[in-house]
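The structure under discussion appears below in the form of structure tokens.
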């Protein structure tokens, strides 16, 4: 072995030891936060070649600073239901890193929300936002409030109480929340109205995902689903494949799923399945998008109601079985860790060629390993899922300039952003010895911009 090879091996071992030390510190400081541990572990493993080449990052404690959020706020959210009873939920906001811009990340209303989930989402958001090329840092928020089954008045009262506390920590140049699971334009509207009352000023840029009539951006609702398909389309094209003529399975039936389905269909795919938290539908001749949109967006019904109008479709209780349906392309667009190792192996067995993550961290680390080991094209969430926050940043730009862009303008910008994310991720994967591994490439490309900004700012 040459001297240079020995030196390189030494640096690699030092980097590996450093990553292990940082991860053990994260586990010790954050016991029982399994989702946060998972997100950190995936990123740290990818960064070993970066730290081997740039040991100065270790000396300056870049990772120790990155895995610790600037602040995590937890607060009580009391609200009154329609029967006059006072109910109490817990709210969160994590401001993870603002080295390249104000904190930016969605608000999630779901019973599963806790500190671990909010921190994993904020950590991922930091790298995702970096990849977009937009000047935005990473943050996230939410509550264990469940909007399902609640009246509009109950949702309004909850949102107003939530914003009464959250308003202390946000602002157009400080922290700009958006929507996420359980938080759409209606909820954003209630929160924006309460913020406006509390602050006494009209700051359109304090929230994104607003209604079109008061500072929202055209294309925001479609952005995450469209962006996922645009990214996957780039990945497929480099491999000589295409959505055209492909069979696609999409989990979920919210905004991300519906508009991933829509864009995949526009590109010539046949989408045969989608799901909600109760079960999934399989329509071998292809999902009827107009029916799905009406049921989910207008009538607020469940997937099981689809078969009442299309009896040739099949509804199955439970969500995980959707990955047993043979497909060329799988787009998990529902929630975290919905594809485990067994589901990944079943997809591979059934001939899947590509997987594009439309949700945040929808595949477990073991599932990702199965896809990569079997040469399945894999588009990781922090890259493929970045369309939503990209258009949120475009909404911020429109608000700042007092402008409103057309749907065509926004969509053209989104396509360019997703193409740039793909190219930067692919280039990083090649530069750091893992050609074609977009998990490694996206983690590295996202990290470098944040790390270099942190170094420029001192400690």
Could you please find all residues in the range 288-307 being part of a loop (DSSP other than H, G, I, E, B) and either farther than 20 Å from residue 266 by Cα or under 24 Å from the mean Cα position of the chain (by Cα) (or both)?
299, 300, 301, 302
Taking the options 91, 61, 84, name whichever one is in the same structural domain as residue 140 (by TED's automatic domain parsing) and either under 25 Å from residue 368 (Cβ atoms) or under 29 Å from the mean Cα position of the chain (by Cα) (or both).
91
Of the residues that sit in the range 308-324 and are buried (at least 19 other Cβ atoms within 10 Å of the Cβ) and in a loop (DSSP other than H, G, I, E, B), which one is modelled with the highest pLDDT?
313
Confirm whether residue 114 is more than 30 Å from residue 152 (Cα to Cα) and within 24 Å of the chain's Cα centre (by Cα).
no
Of the numbered conditions (1) surrounded by fewer than 24 Cβ atoms within 10 Å (Cβ to Cβ); (2) in contact with a strand residue (DSSP E or B) (Cβ under 7 Å, 6 or more places away or on another chain); (3) without any contact (Cβ under 8 Å) to a residue 40 or more places away in the chain, residue 236 fails exactly one; give the number of that condition.
(3)
Consider the range 418-436. How many of its residues are in contact (Cβ under 8 Å) with a residue 12 or more places away in the chain, surrounded by fewer than 21 Cβ atoms within 10 Å (Cβ to Cβ) and part of a loop (DSSP other than H, G, I, E, B)?
2
One residue is enough: does the range 175-188 have a residue meeting the conditions at positive phi and surrounded by 18 or more Cβ atoms within 10 Å (Cβ to Cβ)?
yes
If I filter the range 57-96 down to residues being free of Cβ contacts under 8 Å to residues at least 60 places away in the same chain and closer than 16 Å to residue 447 by Cα, which single residue comes out as surrounded by the most Cβ atoms within 10 Å (Cβ to Cβ)?
96
Within the range 202-221, can you find the residues that are free of Cβ contacts under 8 Å to residues at least 40 places away in the same chain and in a loop (DSSP other than H, G, I, E, B)?
202, 203, 207, 211
Those residues of the range 161-190 that are assigned to a helix (DSSP H, G or I) and either without any contact (Cβ under 8 Å) to a residue 12 or more places away in the chain or touching a strand residue (DSSP E or B) at 6+ places or on another chain (Cβ under 8 Å) (or both) come to a total of 7
Sort out which residues of the range 285-303 are out of contact with any strand residue (DSSP E or B) (no Cβ under 6 Å at 6 or more places or on another chain) and surrounded by 13 or more Cβ atoms within 10 Å (Cβ to Cβ), and write them in order of number.
288, 289, 291, 292, 293, 294, 295, 296, 297, 301, 302
Here is a list: 213, 193. Which entry is surrounded by fewer than 24 Cβ atoms within 10 Å (Cβ to Cβ) and modelled with pLDDT under 95?
213
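The values are calculated or read from the model by the stated rules, or taken from the named source; none is laboratory data. In this text, all values refer to a predicted model and were calculated from it rather than measured experimentally. Backbone-built Cβ (ideal geometry, glycine too); neighbour counts: all protein chains shown.
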